[in-house]
Each structure stands twice: as C-alpha cells, then as structure tokens.
Amino acid sequence: EVTARAVKVNVYHTMSFLLRFSESIRSAVREGTVQIQGGIYNLETGCVDFLGRLPTQAELLDSTMAIPPSMVESGEARGKHGVRTGADSAVPKEAALKMLKAGNERFAAGAPTATQTSGPMRKALVQCGQAPHSAILGCADSRVPVDTVFDAMPGELFVLRNAGNTCCHAEGSMVGSLEFCTGKLGSKLILVLGHTKCGAIAGATQTFQAGGEKAPGSALEGLLQSLAAVAKDASEELGPGADLEALTAKATKVNVFSSMNFLLKYSEPIRELVRKGELDIQGGIYHLETGRVEFLGRSPQQQALLAAEETLPPSMALGTVRTMADGPMAPQAALQLLKVGNERFVVGAPKAGKVHRSMRETLATGQAPHTALVGCADSRVPLETVFDALPGDLFVLRNAGNTCTHAEGSVLGSLEFCTGPLKTRLVFVLGHTSCGAIKGATSTFLSQQKKKAPQALDALLQGLGAVVSDAKNELGKKATEEQIAAHAVKLNVFHTINFMLKHSEPIRQKVRSGELEIQGGVYDLQTGRVEFLGASPAQAKLVAAEGSVAPSLKSKMQGA
C-alpha cells in the first residue's frame, strides 16, 4: 500500500517539477497549447489509471524559476567574482525583483544554490566594495533570516531589520540607510518584508484592543503603542467582530504598506528616484508555514505620496519661524501644516522643540501666525504640541469647552485682530474627546437643573446646554449620557464656528470673499490624532445673512 502510494506521489512530483522549473512549459500550459496530465499503468490488468492535472497546477503556474536549481550557476551568474561586488553593474529593478522571487522559490523548494564563500570571494568583497541589487527592510524575528529566505550570497542584499519591520521610530536611521543604499550603492529595489505570526504586530494588536491612555513604561511599550495605529487601521478595514488572529494577519499587511508609505512620505531622494523610474518600492509577507514570500506589489498610495513635499523625517527636520516678513499663508496651505504637524506628534517625532537663539531673536520683530486656533483649556490638549508648531505659527485662544457662548466679545475681538491686522487666513476650532466641560454641560442639561446659576462655572455649563439639547435630539431617546456628550463635542465645534459667522461682520465678510476659511476638528485623547471636520454645514446660510452683534455686547450697547 505504501509503495502504491509512493508511485502516485512520484507522478505528481514529476509534474510539479516540470511546472516549477520550466518557463517554456509553463507558458505553453498558460496559453492552452499544452496539457500536463498524469497516470499509472497497472501491470496486472494493462489498464491506465488517468489521474488528470496536478491539483496544485494553478499555483505553480505563478512560479518564476526559469531553469532547475541544479542548472543555476553560483559563479558568474552572481557576479564577476562569484559574488556581487562594486565591479558589477547595477541590476535593473525588474530583474532584482525576479532574483528575489527566484531565490525564495529555491529556498521554499529546498534547492538553495548559495554556496559557501571562498577566500577569493571574500577578498573581492573587500577590495571591490558592495553593490547589492536590493535593499530589504525586514523583521528582526529569528525565524526570518532574510538572506537565507532569498537564497542570497554575501553582497546581494542590503538588509535592515527591527521588530515589526517598521519606520515608526528611529526613522532617521532607517530612511538614511535606505537613501545611502539607493543613492551611493545604486540599488534599484526596496522590499519591505513582513511575516506571518509576527510577535510585534500581535503585541500591538493586543495593545490596540486593550485601549486606554496609559503612558508607555518602556521602549517596548512605546513601540507597541506606535504600531497600534496599524492595528486600528486593520480593525476599521475588517469591521467589528474580527478575532485576534484575523486582526493580526490583516495588521501585518497594513504595516508593510505603512512602512512603504513612510519612506515615500519622508524622503525626497527616495521619492525622486521613484518618480524617475530608477527605483521601485515593493512589499511582501513571508509565510512561516510554507517558506514562501507573498509579493504584494507597490503601495496603493504611491502616486499620491510622490506628490508630497516633506523633505526630512519629522524627527530630523528643523523649521524656521514665521515673522512679519512672511506673507499671508493660503488657508489650505495652513491646514496642511496642521495635518502634517499632528501626524508628527502622533508618530512621536516632533521637530518644534528645536528653537535656537536666532529664531527667538527673529520672533521679536513681530508675528504672522498662519492659523488662529480656538481650543479647550484642558491641560491634556496643549495645542502647539498637538500640531507640533513652532513659536510664531499659531494664534491661540483657549477656554473651557472651546466656546464663544460666553465672553464672546474677547474671543471675537481677538479673532478679528488676528484675521485683520495679522492677516491670518485660517481659523480652526478644536474640540476634544472626553471634554470635561461638555460632560458637565450634558449632566446639567439631563438633570434639568434650570436654577439661576450663582457661579460662573454653572453659567458656562448651562450656556452649553443648547449644544447638548441638539445632540440629544439628533441621537434620539435611547442615547446614553456618554453618547450624548461625545456627539455634543462635535456639535459644539460647529456651534462655535457658527457663532463667529453670525456675530462678526469682519469675519463673515472675509469668509464671503474667500479671504478667510473657518474649519473645525476633534482631538482624540487616546490616539493623539485630530479628526478634521471641515467647514460648518451652516456656513453658506450664515455668510449670506446680515448677522448680529454678540449678545453680551448688545446688552452693553443698550445699557449705554
């Protein structure tokens, strides 16, 4: 019985070998001009048991091996000296990718050709220098020896490895190393390689699922929290109900693209090489179970990222301060600065702390903030820090609840000064999750405490009651206090914007003419990210209205 089974297995093995290692046969099968079928002849009956096609034929048709492993030359084919050195010409990116695929195929098939290096080979590597055909950003996991996985000889691969194959931290060293490899060494291909069952990604996924706002107590916790953003993106793609295994697997793939995007976003030399077609960045996932690499191709965001203007990784960038010598900044340009600044804050790579003496002396000549910010006084939301802004960037107004409900004269007057004499063209209103003022207002409203407020705080909370009322009405009767408060945070942002448009003719006129934009956002205390909400839905209507004087100013005018 064992012998009979071995005969059948051998037939399939031979069919597999033909498909795996002959491109001409594979091509003919793909075109339908040739079929490969198997059979077993029975000596006793004279009958043939026709087995049909190989069950794994479709998979093997994707093989990249041009010839059997035994025919691959380990000498001249790998370089003039038997290994790649500076004496060899650069390998085109397409050929480099084929070499990686072929090398992994040999590894997975158990037919490696990478031999031991000889004395002359090592001497050539020293004297002629290196000329790797590919740069690999992979994981430090001991089960994924990159050179072995691609059956590579010394001199072929420029390998960078860390836990999670990430650029979330130490981005200067990762990006700088890859700029060296693709610039000085002439490599034409970068491959970001993740792998299944990645401990770093699994830990980050568990960190994401645990939630909370705990500060990292170690470098490892900091790494896992940074990678948790990848798990969050994976969770949003899969939807609710995904188990840990499925979420980790998805996060592994998302993380590969995240690292590729980081390279494209923060390295102008790499972007320029990709733009000119002199460099390719591809992704892949190594499957521990099979030994095969699943090649993912380019990042779906590559074209958009090639248009980016960031020239240095955030932690390496050193900004210049804005002064009166700078002209007014367009609203969309200012908004983009807020977005990229918040991104730097989120990934833990701020640049704004690097302020030297000459910058401070320059600021003494006057200010020209690109954005006026109305935010909450909450100590957990330091606005300059959240947007990684330098002194001179932001004109900041803060109060409990980021509101104009009370003390509107001072808030509006300050904004009219900033958008008038200072010529700032963007006003941004920022609320935040778990806002104490909004929670208090929600509690006050729901408890129906309509007594005359003896304290300023009570007056503030009751003043925010209109926002809470709108939130409650929109969510319906079944909404919990927590849900109402969370929704009220967003509505309060628009309420503040609407107040400006309704009660300030100078601001309304500038918005009407396109000279000024007013936008809103909500800062997430847990993730550090700002959700950008855009303009108020009521803007067009309010801009067309005649407006009115702010309530507190009207009462003063009547008293006079």
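Restricted to segment 116-154, and to residues that are in a loop (DSSP other than H, G, I, E, B) and aliphatic (A, V, I, L, M), which residue is surrounded by the most Cβ atoms within 10 Å (Cβ to Cβ)? Going through the qualifying residues, I end up with 152. Each residue in segment 217-226 was checked for being assigned to a helix (DSSP H, G or I) and either exposed (fewer than 14 other Cβ atoms within 10 Å of the Cβ) or modelled with pLDDT of 80 or more (or both), and 2 of them qualify.
Test residue 430 against the criterion of being at pLDDT 95 or above, under 17 Å from residue 531 (Cβ atoms), under 25 Å from the mean Cα position of the chain (by Cα) and assigned to a strand (DSSP E or B), and give yes or no. In short, yes. Summed over segment 361-395, the residues that are in a helix (DSSP H, G or I) and either open to solvent by 50 Å² or more (accessible area, probe 1.4 Å) or on the phi > 0 side of the Ramachandran plot (or both) give a count of 4. Taken together, the residues in segment 19-64 that are open to solvent by less than 90 Å² (accessible area, probe 1.4 Å), assigned to a loop (DSSP other than H, G, I, E, B) and not polar (S, T, N, Q) amount to 7. Report every pair of residues separated by at least 6 positions or lying on different chains whose Cβ atoms are under 9 Å apart, first residue within segment 48-64 and more than 13 Å from residue 16 (Cβ to Cβ) and without any contact (Cβ under 8 Å) to a residue 60 or more places away in the chain, second loosely packed, with under 15 Cβ neighbours inside 10 Å and of a type in the set (Gly, Ala, Ser). These pairs meet every condition: 48/39; 49/39; 50/39; 52/39. Under the condition of being closer than 12 Å to residue 529 by Cα and of a type in the set (Val, Ile, Thr), the residues counted in segment 338-384 number 4. In segment 328-360, the residue that is least open to solvent (accessible area, probe 1.4 Å) out of those that are among the charged types (D, E, K, R) and over 30 Å from residue 513 (Cβ atoms) is 344. Within segment 256-312, if we keep just the residues that are outside any strand (DSSP E or B) and on the phi > 0 side of the Ramachandran plot, the residue that is most open to solvent (accessible area, probe 1.4 Å) turns out to be 277. Screening residue 239 with (1) at pLDDT 90 or above; (2) more than 14 Å from the chain's Cα centre (by Cα) gives one miss only, at (1).
Scanning segment 164-185 turns up no residue that is within 30 Å of residue 19 (Cβ to Cβ) and open to solvent by 60 Å² or more (accessible area, probe 1.4 Å).
The values are calculated or read from the model by the stated rules, or taken from the named source; none is laboratory data. In this text the structure is predicted, and so the values were computed from the model without any measurement. Neighbour counts run over all protein chains shown; Cβ positions are idealised from the backbone, glycine included. The area values use the complete protein model at the heavy-atom level, side chains included, leaving out ligands, DNA and RNA. Shrake-Rupley method; radii C 1.70, N 1.55, O 1.52, S 1.80 Å.
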